[in-house]
Amino acid sequence: MTSSGINPLLDKVLIKISGEFLAGKQHFGIDPTTLSSIAETIHKLHIEGREISIVIGGGNFFRGVAIAAKGMDRVTADYMGMMATIMNSLALQSELEKFDTDSRVMSALTIRKVAEPYIKRKAARHLEKGRIVILAGGTGNPYFTTDTTAVLRAIEVGAKIVLKATKVDGVYSDDPVNNPGAIKYESLSYKEVIDKELKVMDLTAMTLCKENDLPIVVFDVGKEGSLINIFNNEKEGTIISKGSLKW
């Protein structure tokens with residue numbers, strides 16, 4: 001990346017990981033190899049002294065919106081999806097412990113047996129003490145995506161950038177699977193994403209980013225070394241900002 005402010009941004013990051021990524025090639029549940037690989041990468045970044053918070057989706061177990069579309073009550077479906085994010089968060093915490101990496105799972109849903117209740121000041125304190133904070137349970141409310149959760153929590157804990165780890169290597173003008181002619185964007189402004197109705201994040205999440213000037217990098221976490229490359233200022237994915245950040 002080429003911008004005078006990019007390195008300081010990477011000192012305090014929130015990584016948003018899709019639940020589908022954790023499933024690996026099995027497409028459901030958690031693939032142990034995939035989980036171990038992402039945990040090891042996060043560990044390597046953490047020991048360099050960065051503040052890292054994480055939000056994980058639950059799509060490898062349950063997708064509330066998709067199930068609700070088939071007739072289940074939307075509120076019930078969304079709460080089930082939130083619990084799926086807690087399962088993924090606990091799995092990542094367990095894997096991080098194998099690398100002697102101190103972490104805390106904090107949940108917006110109260111499940112004290114396995115996770116601390118999410119409190120903004122306490123999360124910030126954990127990060128100050130050098131712990132990774134895994135933020136689970138969504139916002140604790142239905143109708144909000146994990147993308148919105150990631151942006152909201154990033155703002156609350158003082159993260160300077162959101163790294164959206166997906167299965168796609170950036171943002172395209174159209175679905176690259178169905179349209180081979182789709183154009184990949186190197187960088188975009190918040191306004192461009194909203195005006196073009198690009199499927200990066202839901203509108204609530206993108207609006208929050210715009211209002212708080214919170215940059216996002218969308219990248220393929222399945223590509224070997226991609227997350228490390230971002231921290232080494234190497235070109236990965238698509239940068240979304242107010243317009244000043246570019247590769």
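The values are calculated or read from the model by the stated rules, or taken from the named source; none is laboratory data. It should be emphasised that the depicted structure is a prediction, and the values quoted were computed from it without experimental measurement. Cβ: placed from backbone, ideal geometry, glycine included. Neighbour counts: every protein chain shown. These accessible areas exclude ligands, DNA and RNA; they are computed on the full protein's heavy atoms, side chains included. Shrake-Rupley method; radii C 1.70, N 1.55, O 1.52, S 1.80 Å.
Details
- Largest GNM mean-square fluctuation among T34, T149, T85, using the chain with Cα springs under 10 Å: T34.
- Given charges at beta-carbon only (K, R positive; D, E negative), |dipole| of segment 106-247 in Debye: 800
- Summing Cβ point charges (Lys, Arg +1; Asp, Glu -1) relative to the Cα centre of the chain gives a dipole of roughly 580 debye.
- The calculated Kirkwood hydrodynamic radius for segment 58-179 is 15.7 Å, given to one decimal from all distinct C-alpha pairs.
- For segment 1-132, the alpha carbon convex hull comes to 139 Å³ per residue, rounded to a whole number.
- Springs join every pair of Cα atoms under 10 Å in this Gaussian network model of the chain, and among M72, M83, M206 the largest mean-square fluctuation is at M72.
- 13 Å beta-carbon shell around L152, net charge (K/R +1, D/E -1): -1
- Over segment 117-194: Kirkwood hydrodynamic radius from C-alpha pairwise inverse distances, Å: 15.1
- Its DSSP H runs of at least 4 residues, each contributing -39,500 (n - 2.57), put the calculated 222 nm mean residue ellipticity of the chain at -11000 deg cm²/dmol, to the nearest 500.
- Going by accessible surface with a 1.4 Å probe and the largest first, H43, H126, H27 read H27, H43, H126.
- Whole-number percent relative contact order across the chain, with pairs defined as alpha carbons under 8 Å at least 6 apart: 22
- Under 11 Å, Cβ to Cβ, from N60 - net charge with Lys/Arg +1 and Asp/Glu -1: -1
- Given K44/K113; K16/K184; K44/K164, the pairs whose alpha carbons are separated by over 24 Å: K44/K113
- Normalised by 2.2 N^0.38 Å, where N counts its residues, the alpha-carbon radius of gyration of the chain equals 0.95.
- Taking every DSSP bridge with both residues inside the chain, close to 20 percent are antiparallel.
- q = 0.15, 0.16, 0.17, 0.33 Å⁻¹: log10 I(q)/I(0) that the Debye formula gives for segment 42-87, counting C-alpha atoms only: -0.49, -0.52, -0.55, -1.08
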